[in-house]
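Note sheet for the following structure.
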Amino acid sequence: MGMSRNTKINGLLLLLVAALAVLPIALGMGEGKEEPFTGADAQAETAITELKPDYEPWFSPLYEPPSGEVESALFALQAALGAGVLAYYFGVRKGRRQGAALAAAAGAPDTAGASDTAAAES
Amino acid sequence: MHIAEGFLPPLHAVAWGAASAPFVVHGVRALTREVKANPESTLLLGASGAFTFVLSALKIPSVTGSCSHPTGTGLGAILFRPPIMAVLGTITLLFQALLLAHGGLTTLGANVFSMAIAGPWAGYGVYLLLKRFDVPLMVTVFFGAFVADLVTYCVTSVQLALAFPDPGTGFLGALAKFGGIFAVTQIPLAVSEGLLTVLVMRLLMQSSKSDLVRLGVAKLSGRSGQGERKAAV
């Protein structure tokens, strides 16, 4: 009926991940901080200057995004590249599976992709 | 979250670089061997690298009121063994150091050691250990990915505590400080990474069972092998 058990479990996993990301904000866990939800790396830099006030970073990045907007655009690009390759992978595998299933239905029951097709049905 | 550019003293930067280099060289060899021996692995290798790309770009809020990102290295470590993750993790770190000013070139050795070496090996170790006790596959995958993620940031904390010991309480005092920033923040994120890795592994079980069997991750007659048994009858 509607979604398979498999799809439901996958959806539940995604929901849990989303909840884990939203809860700290919803519960106001950044309250009382001067700047809530900044990066842990920036906080580490502050901790370093507390531990060793005379420490000077001796090298600076060769290229630095000119603004926070450009930086988040580049982070989004990184995620998009990764998501694109992952989607391509699963698309190719699905196409192969469907091709094998079509070939099997057309009267060639012992095709190479049969084991994957069978696994997907379980 | 990696150690920022210039934030490790030169001696430490060089030492961590020297510690990481052999692992990366060995990883490049393992990667070329895998691609030569199993050309059909190439696509799944790409997908493993892509998973690290996605996860390490997602800065997620945490219970400490700060943000950090997962690593995505557990999946590839479980599928292809840790040496290959040393390469895929280094590529991700280089991308972030060069284009995003996140992490850095002088801290690359230390960041590679934590994210691309220590994390994957720890996660893989836990995965193997649980597997030996016949724990269900998805539980081993969850804890493998969880540990790979968390250990990465514990190592980052150790690296910073070694470089910047507390004037009063020494290494341990600094470790508590950096651990509070990195490791505690990372706990819910490591849970998220475990769940996402389980999700991808479930999708792989559906779409690429034969690859998982060849890589020794799944068994043909395993828990979800009923389909094959039916097919065999």
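All of the numbers you see were taken from the coordinates with simple rules; none came from a lab. All of these numbers come straight from a predicted model, not from anything done at the bench. Cβ atoms come from the backbone with ideal geometry, glycine included; neighbour counts cover every protein chain shown.
Exposure here means at most 13 other Cβ atoms within 10 Å; with chymotrypsin sites (Phe, Trp or Tyr not before Pro) in a DSSP loop as sites, the longest stretch of chain A lacking them is A:64-122.
Each of A:A21, A:Y89, B:Y153 was scored by the projection of its Cα onto the charge dipole of the protein assembly as shown, and the greatest displacement toward the positive side belongs to A:Y89; charges sit on the C-beta of Lys, Arg, Asp and Glu. Seen against the Cα atoms of chain B and their longest principal axis, helix B:170-181 is set at about 50 degrees. Exposure proxy ranking for B:T92, B:T140, B:T42, B:T107, based on other Cβ atoms within 10 angstrom of each Cβ and starting from the fewest, stands as B:T42, B:T140, B:T107, B:T92. Averaging Cα coordinates gives a centre for region B:154-183 and one for region B:7-70; these two points are 23 Å apart. Considering helices alone, the calculated mean residue ellipticity of chain B at 222 nm is -23000 deg cm²/dmol, with DSSP H runs of length four and up weighted by -39500 (n - 2.57) and normalised per residue. Close amide H partners of A:G39, meaning residues 5 or more places away or on another chain with modelled amide H under 5 Å apart, are B:C67. Overall, the protein assembly as shown carries a charge dipole of about 1880 debye about its Cα centre when +1 sits on the Cβ of Lys and Arg and -1 on the Cβ of Asp and Glu, all other atoms neutral.
Dipole of the protein assembly as shown computed with +1 at Lys/Arg Cβ and -1 at Asp/Glu Cβ about the Cα centre; of A:N10, A:A103, B:T107, farthest Cα towards the positive end is A:A103. The charge dipole of region A:5-82, taken about its Cα centre with unit charges on the Cβ of Lys, Arg, Asp and Glu (plus for the first two, minus for the last two), comes to roughly 800 debye.
Here A:Y63 and A:A104 are evaluated by their C-beta separation; at R0 = 41 Å the FRET efficiency comes out at 0.20.
Whole-Hz Karplus values for region B:76-92 come out as x, 5, 5, 6, 10, 6, x, x, 5, 5, 4, 6, 4, x, 5, 4, 4 Hz, taken residue by residue from phi with 6.51 cos²θ - 1.76 cosθ + 1.60 and θ = phi - 60°; glycine and proline positions read x.
Taking every C-alpha pair closer than 8 Å and separated by at least 6 residues, the mean separation divided by the residue count of region B:3-155 gives a relative contact order of 29 percent.
Going from the fewest other Cβ atoms within 10 Å to the most, the residues B:L55, B:L212, B:L128 appear in the order B:L128, B:L212, B:L55. In this Cβ point-charge picture (+1 for Lys and Arg, -1 for Asp and Glu), chain B has a dipole of about 760 debye about its Cα centre.
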